[in-house]
Amino acid sequence: MQEKMIPRHDKGGIFIHWFNAVCWITLTLTGLGLINEHWNPLGGWYPAMMRTIFGSPEMLLNVHMYLGLFWAIVVIIYVLGRITESLAFAKESFSISPSRDMTWMVKKNIQMTMGEKMLKKLGMTTDIPPQGFYNAGQKLFAQVTIIAGAVMIVTGVIMFLSTMILNNPNIVAWSRTLHYLFATLALAGLIVHIYMAAISREERPAFKSMFTGEVPESYAKHHHELWYNKIKDKV
């Protein structure tokens, strides 16, 4: 008998998730290619390769700038067009229960890296605190996404305008620094998010739901019990 499926994401949410994923990965790859050889974390070979692929440093910069501008415009239109859903997402992301969420973060990381035996050795129980629509890890990544995304949009627009009308080197320099810092923060969160969602076998249903919009009832009950208890009588 096929297990009951629970609706989790609508088409709009699925679209913006994959739109962000494609844009962020592409912007990261092109952005790394813009960093000076002496400061590039990947070494001098990477910016040289990217400039060869795109034909010139100027073309690489243009691709990065205009793709970033396109991403920002689409995200802003999405947020304004779905303001109720966007505010609900932000509210859920920043709704923190310190004791429950911190306990989840500690136990879940130990469980995933060293197993439940280590939890017992450390004197901890193996039960994981119940979570809402998003678990503590997902909420942390969502917070990073919202804050870093807003900073990168503002600083990106400032740097974009500096090529045309803005002529204040101090503002541009600070914008570039903040842009790099928050891009690095977002990249770190993205790497963990990809591992948790796509590679971790336990979280595989969540990954599949970003295509189908649904998760198995057993997964919803076990991984997002607080959310499941709210909606179980409605589905």
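Structure summary
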{"read-out": "Given (1) part of a helix (DSSP H, G or I); (2) at pLDDT below 95, number of the condition Ile35 does not satisfy", "value": "(1)"}
{"read-out": "Any chance Lys221 is open to solvent by 40 Å² or more (accessible area, probe 1.4 Å), more than 13 Å from the chain's Cα centre (by Cα) and modelled with pLDDT under 90", "value": "no"}
{"read-out": "Search result, residues across the range 98-133 that are part of a loop (DSSP other than H, G, I, E, B), open to solvent by 70 Å² or more (accessible area, probe 1.4 Å) and of a type in the set (A, V, I, L, M)", "value": "Leu122"}
{"read-out": "Residue check for Ala142: in a helix (DSSP H, G or I), in contact with a Leu (Cβ under 9 Å, 6 or more places away or on another chain) and in contact (Cβ under 8 Å) with a residue 12 or more places away in the chain", "value": "no"}
{"read-out": "Scan of the range 1-19 for residues that are touching a Pro at 6+ places or on another chain (Cβ under 6 Å) and free of Cβ contacts under 8 Å to residues at least 60 places away in the same chain, ordered by number", "value": "none"}
{"read-out": "Pair list, Cβ under 7 Å, 6 or more apart: the range 150-173 residue small (Gly, Ala, Ser), other residue outside any loop (DSSP other than H, G, I, E, B) and open to solvent by less than 40 Å² (accessible area, probe 1.4 Å)", "value": "Gly156/Gly68; Gly156/Ala72; Gly156/His179; Ser162/Val172"}
{"read-out": "Looking only at the range 160-188, and only at residues there that are open to solvent by 40 Å² or more (accessible area, probe 1.4 Å) and touching a Ser or Thr at 6+ places or on another chain (Cβ under 7 Å), the one that is farthest from Ile25 (Cα to Cα)", "value": "Leu178"}
{"read-out": "Test: Glu92 is open to solvent by less than 70 Å² (accessible area, probe 1.4 Å), acidic (Asp, Glu) and either touching a Pro at 6+ places or on another chain (Cβ under 6 Å) or in a helix (DSSP H, G or I) (or both)", "value": "yes"}
{"read-out": "Subset of the range 189-202 that is touching a residue at least 12 places away in the same chain (Cβ under 8 Å) and open to solvent by less than 50 Å² (accessible area, probe 1.4 Å) - its residue that is farthest from the chain's Cα centre (by Cα)", "value": "Ser200"}
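The values are calculated or read from the model by the stated rules, or taken from the named source; none is laboratory data. The model shown is predicted, which means the values in this text are computed figures rather than measured ones. A quick note on method: Cβ atoms are made from the backbone with ideal geometry, for glycine too, and the neighbour counts reach across all protein chains shown. Protein only, heavy atoms only, side chains kept; ligands, DNA and RNA dropped before computing areas. Shrake-Rupley method; radii C 1.70, N 1.55, O 1.52, S 1.80 Å.
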